[in-house]
1. What whole-number value in cubic angstrom gives the convex hull volume per residue for the C-alpha atoms of the stretch 68-156?
2. Springs between alpha-carbon atoms under 10 Å, Gaussian network over the chain: tell me which of Pro214, Pro121, Pro78 tops the mean-square fluctuations.
3. R0 = 35 Å: FRET efficiency of Thr91 with Met1, Cβ-based, nearest 0.05?
4. Kindly report the accessible area of the chain per residue (heavy atoms of protein chains, probe 1.4 Å, no ligands, DNA or RNA), in Å².
5. Springs between alpha-carbon atoms under 10 Å, Gaussian network over the chain: tell me which of Cys216, Cys36, Cys68 tops the mean-square fluctuations.
6. Rank Met58, Met64, Met52 by accessible area, highest first, at a 1.4 Å probe radius?
7. Would you please put 18-25, 200-207, 158-165 in order of how densely packed they are, using the mean number of other Cβ atoms within 10 angstrom per residue and starting with the highest?
8. From the P(r) of the stretch 1-60, can you give the percent of Cα pairs sitting at distances over 16 Å?
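The values are calculated or read from the model by the stated rules, or taken from the named source; none is laboratory data. What you see is a predicted model, and the numbers here were worked out from it, not measured in a lab. As a convention, Cβ positions derive from the backbone with ideal geometry for all residues, glycine included, and neighbour counts pool all protein chains shown. When the accessible area is computed, the model is the full protein with side chains, heavy atoms only, and any ligands, DNA or RNA have been set aside. Shrake-Rupley method; radii C 1.70, N 1.55, O 1.52, S 1.80 Å.
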Amino acid sequence: MGSVIVITSGKGGTGKTSLAGGIGAALASRGRRVLCLDADVGLRNLDIALGMADAALMDFSDVMAGRCELDRAVAPHPGIDGLYLLTAPLTLPADFAGEEGFRALLDRARAAYDWVLIDAPAGIGDGFRLAVSGADRAIVVAVSDPASLRDAQRVVEAMQGVSPVHLVVNRVRGRVLRRLGATIDDAMDAVGLPLLGLVPEDVQVVLAAGSGQPVCQVTRKGAAQAYANIARRIEGDAVPLMRIW
Ligand SMILES: Nc1ncnc2c1ncn2[C@@H]1O[C@H](COP(=O)(O)OP(=O)(O)OP(=O)(O)O)[C@@H](O)[C@H]1O
Ligand SMILES: [Mg+2]
């Protein structure tokens, strides 16, 4: 029986989609069956982070409405065994079954995959509530500035009932971190969450998406290594934090 992790943030653009693609690829490379589920209705782009632009024809609303079986709707990754994408619709159809239907979809996904990673839309609106409604655990992605951390705290408050919830701090720059001194500890205190990982600022994340490949197929260093470490921690390994400074 698999487990469902929802990846959320307060502010937009903190790196949820990149993280979902990165840890999805890393978990699949460890031999797991992984479903990356794009829940960002209308603004889907997890396909691009996975290097699978427009690979999926059917979306999660088609499966929920019974227009297509789950195993027919998912798109297998062309280069990474065990990695699958279920994309989001551009708009929700009139017959959309809501949170109850979404939870039923996740039950089917748990039976077929070791990990289901949901890429949530930013903020705490309807799309967020749908994305978190059936999750077993959550990751909140923030960048290391105070505004982003405060928004992360709001998301945590809006996510009552999901446990555990972990923090990932993305786009960390060594020099800034050093100058901010104890901020990573402060960050955990401010948001009130245990830290699952730090991801460095890494131009390879942008370049990989632009070249249509997941970042782990381009390099094993930097952000790719951080995603791999986070994947190991998710599975219970004790991996020391990456040295970014
Ligand atoms: N560690 C990183 N280093 C450099 N660039 C990054 C990093 N992580 C993400 N980015 C870039 O930041 C931008 C936003 O990332 P991404 O789309 O993953 O964020 P998001 O939280 O999913 O955004 P949205 O809220 O709009 O869904 C992208 O251009 C991505 O390539
Ligand atoms: Mg996104």
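1. So the per-residue hull volume is 136 Å³.
2. Maximum among the listed residues: Pro78.
3. Efficiency for this residue pair is about 0.60.
4. On a per-residue basis, the chain sits at 45 Å².
5. Evaluated over the chain, the most mobile residue of the options is Cys68.
6. Met58, Met64, Met52
7. Top of the packing list down: 18-25, 200-207, 158-165.
8. When all Cα pairs of the stretch 1-60 are counted, 46 percent exceed 16 Å.
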